[in-house]
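Student: Pasting in a structure now, in structure tokens, and then I'll have a few things to ask.
The values are calculated or read from the model by the stated rules, or taken from the named source; none is laboratory data. Here the structure is a predicted model, which is why all the values come from computation and not from measurement. Note: ideal-geometry Cβ built from the backbone for every residue, glycine included; neighbour counts use all protein chains shown.
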Amino acid sequence: MTRLRWLAIALLVLSCGTRDRGRAGVERIEFWGLGREGEVVAEMIPDFEKRHPEIDVVVQQIPWTAAHEKLLTAHVGNASPDVAQMGNTWIPEFAAMNALDDLNPFVAQSKTLDARDYFPGIWATNVVGGALYGVPWYVDTRVLFYRSDILAAVGYPNGPRTWAEFAEASRRILAEKRCRFAILMPTNEWEPPVVLAMSNGSTLLTPDGTRGAFRQPQFANAFAYYIDLFHRGYAPSVSNAQIANLYQQFAQGEFAMYITGPWNVGEFRRRLPADMQDKWATAPVPARDAQTPSVSMAGGSSLVVFRASLHKEAARKLIEFLSEPAQQVRFFEVTGDLPARRSAWTAPALVAEPRFPAFRTQLESVRPLPQVPEWEQIATAIYDRGEAAARGTTSVAAAVAELDHRADLLLEKRRWIVSRKRGRS
Amino acid sequence: MKSERRAALLFLAPALVLLTVFFFAPVVAGFALSLTDFDLYTIGDPHNIRLVGFDNYRELIGSSIFWTSFVNTMYFALVGGPLTVAVSLAAALLINAKAARFKALFRTVYFAPVVTTLVAVSIVFKYIYHPRFGMLNRALDTLGLPQPDWLGNPKLAMLAIIILAVWKGFGYTMIIFVAGLQQIPEELYEAARLDGAGAWKQFRHVTLPLLAPTFLFVGIVVAIGQLQIFAEPYVMTRGGPLNKTVTMVMLMYEQGFKFWKMGYAAAVAFVLFLVIGAATLVQLKMQEKR
């Protein structure tokens, strides 16, 4: 009996201890970081807490694969963190759920945050209906990775700059049997056709985001160009799942060009053999022609504050801290994630890597993806129809018509809400 | 009489309460959900919900991806199910045979895949199936046989997944068959032998009829498991190539947790529930006929 009572007391003491470390006047905030970023941010927190002894940050690390679902369920279940990292393409979704706090007033009065220091296309991904729901943390876009030895041999030492050059370089690579394929564009990735369409001036959806704009020539012509790269045999119709070792295949000359993101700079450096290291480079994605700019998509992660948070002031202080150029540089050095602020791009580690300038150039001309919660499903339809057209089971005309049809179906609810709002106002 | 009834109710109460709270209520709520267009917008503003009747079901039945997933799931179940049963029965017979040596060892070896982690095994098989560097095609190469792109070829991808699923699952049903075989009295075989029955006739007229209840159990368990296939294609192909490996559960998961279309996902769940119910019923009826 007495032993049981002691056990109960011990448990009570322990539970008190974990709930409140006993520091009076300390405000506790919860931060959710995703994947590797969540790990790294935990190492940066002690510095923040030293500067703000009145704030105690608890970092929860969430794996990327489960992050989207976890954040959604946390909001629905009233268990959202105070501040979190969020893929900036998810922001429209969480804005539709009314989950996030508008940061406009905070940024306006902040002494260290300066909207003009950020890439405009990236900043725009955080703005939905005039409200600012996130501050960019690190950025991501797609550029062209290529084998510089092979591209130099076919006459494009700096990579192809236009669609015509892209196709001509591919033709020569195959004609001169330099690679098995010229380009790798996995058929389960919607990014390559979308980036090409953006370069061609497509908005993908109508401006109010209630219908698809896939039959419009801006998209349809880009899509036809993309499909043609498969039909001419320049690109293999394989999905990501069929590529067991991308880096080995790139080194062995299976393909010479690949449209992908900044994380692959680190991967290529780590995984390509040493004699390959001076034989690869990056360039902005090919522009439609010499007169138009090369356009790519705005990706990356933002820092958001949840509307339900009771510690918004402290949460904002953490965002200010993580957005300081010095912290951005430190974060880049550990993770390889590209800084969101231009002033952080002078960091020696960024300047030293010759594959980053292409990203820097590209980031000045990125555009947000359509800011509707249904975008991901529409994007799935794009690669689904792209795969079918690449394999020849449907025509380009039928594919874009089907895309408009599917997008219109997916956006039905949005049209209903938009029309209801118009009726009310 | 009355008090007996009360006592019965009292004893049943815990089970009934649990069933109501954890089974009947969620099923009813799930069905109600499937009649609405509950989605992201509804979470943002509860007014953003419409009662849509059977629209979700209608949309589901009208969508090509649903039928693709239905056909894929059926293909997987109708090929993979009987194959699992056949392989596990064969393995059980071998292990149970009098002439067999090292029975415990083989039982463990055949059962080992069951306790491996499905996701890890799926990743390993992805490597085995790789068209150029995979173990399987290397072996086919040395034998001078053609080397297909197992997971990339729309005609082969599901078959490749079936092979993995059979390998992973047959050990479990094998153990049940072994238990069933061991319950058949030795005297019956002896009597059959005295009547002049050979090995095949003993199997056909003694083993098979007496295994009937085991068959029913195995058949239902395998069918339910097979119709809910998800992890293998999710890890190995993500539903590709050309949607040839999208299954019904994968469709439900994507609609529900990726796109948060809860009403639509609930409708998928109910259709799957009906399919599994029908499959179980068919097997029960077949058993009755015998």
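Residue-by-condition table, conditions (1) under 22 Å from the mean Cα position of the chain (by Cα); (2) at pLDDT 85 or above:
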| site | (1), (2) |
| --- | --- |
| A:Leu12 | no, no |
| A:Glu30 | no, yes |
| A:Gly35 | yes, yes |
| A:Ala42 | yes, yes |
| A:Pro46 | no, yes |
| A:Thr65 | yes, no |
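Student: Moving on. Answer yes or no as to whether B:Tyr234 is outside any loop (DSSP other than H, G, I, E, B) and within 14 Å of chain A (Cβ to nearest Cβ). Before you say what the answer is, go through the steps one by one.
Tutor: Values: outside any loop (DSSP other than H, G, I, E, B): yes; within 14 Å of chain A (Cβ to nearest Cβ): yes.
Yes.
Student: Please work out which one of (1) assigned to a helix (DSSP H, G or I); (2) touching a helix residue (DSSP H, G or I) at 6+ places or on another chain (Cβ under 7 Å) is the condition B:Leu159 fails and give its number.
Tutor: All conditions are met except number (2).
Student: Sticking with this one: Name the one entry in A:Gly233, A:Gly134 that is of a type outside the set (Ser, Thr, Tyr) and on the phi > 0 side of the Ramachandran plot. Working first, answer last.
Tutor: Working: A:Gly134 fails: on the phi > 0 side of the Ramachandran plot.
Of the residues listed, the single one that is of a type outside the set (Ser, Thr, Tyr) and on the phi > 0 side of the Ramachandran plot is A:Gly233.
Student: Return the residues of segment A:263-302 that are touching a Ser or Thr at 6+ places or on another chain (Cβ under 8 Å) and in a helix (DSSP H, G or I); say none if nothing qualifies.
Tutor: Of everything in segment A:263-302, just one residue is touching a Ser or Thr at 6+ places or on another chain (Cβ under 8 Å) and in a helix (DSSP H, G or I), namely A:Val265.
Student: Are any residues in segment A:45-69 within 14 Å of chain B (Cβ to nearest Cβ), in contact with a strand residue (DSSP E or B) (Cβ under 7 Å, 6 or more places away or on another chain) and crowded, with 19+ Cβ neighbours inside 10 Å, and if so, which ones? Don't jump to the end; show me each part of the working.
Tutor: Step one: of segment A:45-69, the residues within 14 Å of chain B (Cβ to nearest Cβ) are A:63-69.
Restricting the remaining residues to those that are in contact with a strand residue (DSSP E or B) (Cβ under 7 Å, 6 or more places away or on another chain) gives A:64, A:67.
A:Ala67, the sole residue that qualifies.
Student: Please identify the pairs in which a residue from segment B:142-162 that is β-branched (Val, Ile, Thr) has its Cβ atom under 7 Å from the Cβ atom of a residue that is assigned to a loop (DSSP other than H, G, I, E, B), counting only partners at least 6 apart or on another chain.
Tutor: Listed pairs, sorted by first residue: B:Ile161/B:Thr245.
Student: Taking the residues in segment A:42-83 that are touching a residue at least 40 places away in the same chain (Cβ under 8 Å) and assigned to a strand (DSSP E or B) as candidates, determine which candidate is nearest to A:Glu27 (Cα to Cα).
Tutor: A:Ile55
Student: State all residues of segment B:110-130 that are more than 14 Å from chain A (Cβ to nearest Cβ) and in contact (Cβ under 8 Å) with a residue 12 or more places away in the chain; if no residue qualifies, say none.
Tutor: The first filter runs over segment B:110-130 and keeps only residues more than 14 Å from chain A (Cβ to nearest Cβ), leaving B:110-118, B:120-121.
Result: B:Tyr110, B:Phe111, B:Ala112, B:Pro113, B:Val114, B:Thr116, B:Leu118, B:Val121.
Student: Any idea which of A:Leu144, A:Leu100, A:Leu113 is farther than 23 Å from A:Trp190 by Cβ and buried (at least 21 other Cβ atoms within 10 Å of the Cβ)? Full working, then the answer.
Tutor: Numbers: A:Leu144 fails: farther than 23 Å from A:Trp190 by Cβ; A:Leu113 fails: buried (at least 21 other Cβ atoms within 10 Å of the Cβ).
Result of the check over A:Leu144, A:Leu100, A:Leu113: A:Leu100.
Student: Continuing with this model, one more query. Within segment A:94-128, track down each residue that is within 14 Å of another protein chain (Cβ to nearest Cβ), part of a helix (DSSP H, G or I) and touching a Pro at 6+ places or on another chain (Cβ under 6 Å).
Tutor: A:Ala96
Student: Would you point out the residue of segment A:234-248, among those that are crowded, with 19+ Cβ neighbours inside 10 Å and polar (S, T, N, Q), that is farthest from the other protein chains (Cβ to nearest Cβ)?
Tutor: It comes out as A:Ser237.
Student: Every residue in segment A:129-173 that is aliphatic (A, V, I, L, M) and in a loop (DSSP other than H, G, I, E, B), please. Break it down into steps so the answer makes sense when it comes.
Tutor: Here is the first cut: in segment A:129-173, the residues aliphatic (A, V, I, L, M) are A:131-132, A:135, A:139, A:143-144, A:150-154, A:164, A:167, A:169, A:173.
Answer for segment A:129-173, where residues must be aliphatic (A, V, I, L, M) and in a loop (DSSP other than H, G, I, E, B): just A:Val154.
Student: Okay, next question. Every residue in segment B:1-47 that is exposed (fewer than 11 other Cβ atoms within 10 Å of the Cβ) and among the small types (Gly, Ala, Ser), please. Reasoning before the result, please.
Tutor: Let us first name the residues in segment B:1-47 that are exposed (fewer than 11 other Cβ atoms within 10 Å of the Cβ), namely B:1-11, B:13-15, B:17-18, B:21-23, B:46-47.
Listed by number, the residues that qualify are B:Ser3, B:Ala7, B:Ala8, B:Ala13, B:Ala15.
Student: Now a separate question. Determine whether A:Thr203 is within 14 Å of another protein chain (Cβ to nearest Cβ) and not in a helix (DSSP H, G or I). It would help to see each step written out before you state the result.
Tutor: On the way: within 14 Å of another protein chain (Cβ to nearest Cβ): no; not in a helix (DSSP H, G or I): yes.
In short, no.
Student: Taking helices (runs of 4 or more DSSP H) that do not extend beyond segment A:338-425, which have at least 2 residues that are more than 10 Å from every other protein chain (Cβ to nearest Cβ) and farther than 20 Å from A:Val139 by Cα?
Tutor: On the way: elements: A:348-352, A:357-363, A:375-390, A:396-410, A:412-424.
Fully inside segment A:338-425 and qualifying: A:375-390, A:396-410, A:412-424.
Student: Of all the residues that make up segment B:33-85, how many are within 12 Å of another protein chain (Cβ to nearest Cβ) and among the aromatic types (Phe, Trp, Tyr)?
Tutor: 2
Student: Could we say that B:Ala160 is under 28 Å from A:Val238 (Cβ atoms) and buried (at least 19 other Cβ atoms within 10 Å of the Cβ) here? Spell out the reasoning first.
Tutor: Working: under 28 Å from A:Val238 (Cβ atoms): yes; buried (at least 19 other Cβ atoms within 10 Å of the Cβ): yes.
Yes: the conditions hold for B:Ala160.
Student: Kindly provide the set of residues from segment B:177-220 that are part of a helix (DSSP H, G or I), of a type in the set (Gly, Ala, Ser) and over 29 Å from the mean Cα position of the chain (by Cα), ordered by number.
Tutor: Step one: filter segment B:177-220 for residues part of a helix (DSSP H, G or I), giving B:177-182, B:186-194, B:199-210, B:212-220.
Among the residues that remain, those that are also of a type in the set (Gly, Ala, Ser) are: B:179-180, B:191-192, B:199, B:212, B:219.
The answer is B:Ala191, B:Ala192, B:Ala199.
Student: Looking only at segment B:237-268, which residues are within 14 Å of chain A (Cβ to nearest Cβ) and small (Gly, Ala, Ser)? Steps first, please.
Tutor: Narrowing segment B:237-268 to residues within 14 Å of chain A (Cβ to nearest Cβ): B:237-246, B:250-265.
B:Gly239, B:Gly240, B:Gly256, B:Gly263, B:Ala265 - these are the residues of segment B:237-268 that are within 14 Å of chain A (Cβ to nearest Cβ) and small (Gly, Ala, Ser).
Student: Restricting to helices (runs of 4 or more DSSP H) lying wholly in segment B:38-119: which have 1 or more residues that are more than 21 Å from the chain's Cα centre (by Cα), β-branched (Val, Ile, Thr) and within 30 Å of A:Leu100 (Cβ to Cβ)?
Tutor: Values: elements: B:40-44, B:55-62, B:64-96, B:103-115.
By residue number, B:40-44.
Student: Under 6 Å between Cβ atoms, at least 6 apart or on separate chains: pull out the pairs that start in segment A:231-246 with a residue that is within 17 Å of A:Ala167 (Cα to Cα) and end on any residue that is among the hydroxyl-bearing types (Ser, Thr, Tyr) and in a loop (DSSP other than H, G, I, E, B).
Tutor: A:Ser237/A:Thr187
Student: Additional query: Mind listing just one residue for me: the one in segment B:256-290 that is assigned to a helix (DSSP H, G or I) and aromatic (Phe, Trp, Tyr) and, of those, farthest from B:Ser69 (Cα to Cα)?
Tutor: So in segment B:256-290, the residues assigned to a helix (DSSP H, G or I) come out as B:256-258, B:262-289.
Imposing the further condition that a residue be aromatic (Phe, Trp, Tyr) reduces the set to B:257, B:264, B:270, B:273.
On the way: B:Phe257: 17, B:Tyr264: 15, B:Phe270: 15, B:Phe273: 15 Å.
Per the stated criteria, the residue is B:Phe257.
Student: More than 14 Å from chain A (Cβ to nearest Cβ) and at pLDDT below 90: is that true of B:Phe177 in this structure?
Tutor: Values: more than 14 Å from chain A (Cβ to nearest Cβ): yes; at pLDDT below 90: no.
Here the answer is no, as B:Phe177 does not meet what is asked.
Student: Something else now. Return a yes/no flag: does segment B:206-214 have any residue that is surrounded by 16 or more Cβ atoms within 10 Å (Cβ to Cβ) and polar (S, T, N, Q).
Tutor: Within segment B:206-214, one or more residues are surrounded by 16 or more Cβ atoms within 10 Å (Cβ to Cβ) and polar (S, T, N, Q).
Student: Hey, another quick one. For segment B:62-81, does any single residue satisfy the condition of being under 21 Å from B:Phe170 (Cα atoms), loosely packed, with under 15 Cβ neighbours inside 10 Å and out of contact with any strand residue (DSSP E or B) (no Cβ under 7 Å at 6 or more places or on another chain)? Please lay out each step first, then the result.
Tutor: Going through segment B:62-81, the residues under 21 Å from B:Phe170 (Cα atoms) turn out to be B:72-81.
Now restrict to residues that are loosely packed, with under 15 Cβ neighbours inside 10 Å: B:78.
Subset that is out of contact with any strand residue (DSSP E or B) (no Cβ under 7 Å at 6 or more places or on another chain): B:78.
Yes, because at least one residue in segment B:62-81 is under 21 Å from B:Phe170 (Cα atoms), loosely packed, with under 15 Cβ neighbours inside 10 Å and out of contact with any strand residue (DSSP E or B) (no Cβ under 7 Å at 6 or more places or on another chain).
Student: Residues in segment B:269-280: is at least one within 14 Å of chain A (Cβ to nearest Cβ), within 30 Å of B:Leu33 (Cα to Cα) and either surrounded by 16 or more Cβ atoms within 10 Å (Cβ to Cβ) or small (Gly, Ala, Ser) (or both)?
Tutor: Here is the first cut: in segment B:269-280, the ones within 14 Å of chain A (Cβ to nearest Cβ) are none.
No, every residue in segment B:269-280 fails to be within 14 Å of chain A (Cβ to nearest Cβ), within 30 Å of B:Leu33 (Cα to Cα) and either surrounded by 16 or more Cβ atoms within 10 Å (Cβ to Cβ) or small (Gly, Ala, Ser) (or both).
Student: I need a count of the residues in segment B:132-156 that are of a type outside the set (D, E, K, R) and assigned to a helix (DSSP H, G or I).
Tutor: Initially, segment B:132-156 is screened for residues of a type outside the set (D, E, K, R), giving B:133-137, B:139-140, B:142-148, B:150-154, B:156.
Filter again for assigned to a helix (DSSP H, G or I), leaving B:135-137, B:139-140, B:142.
Residues that pass the stated criteria total 6.
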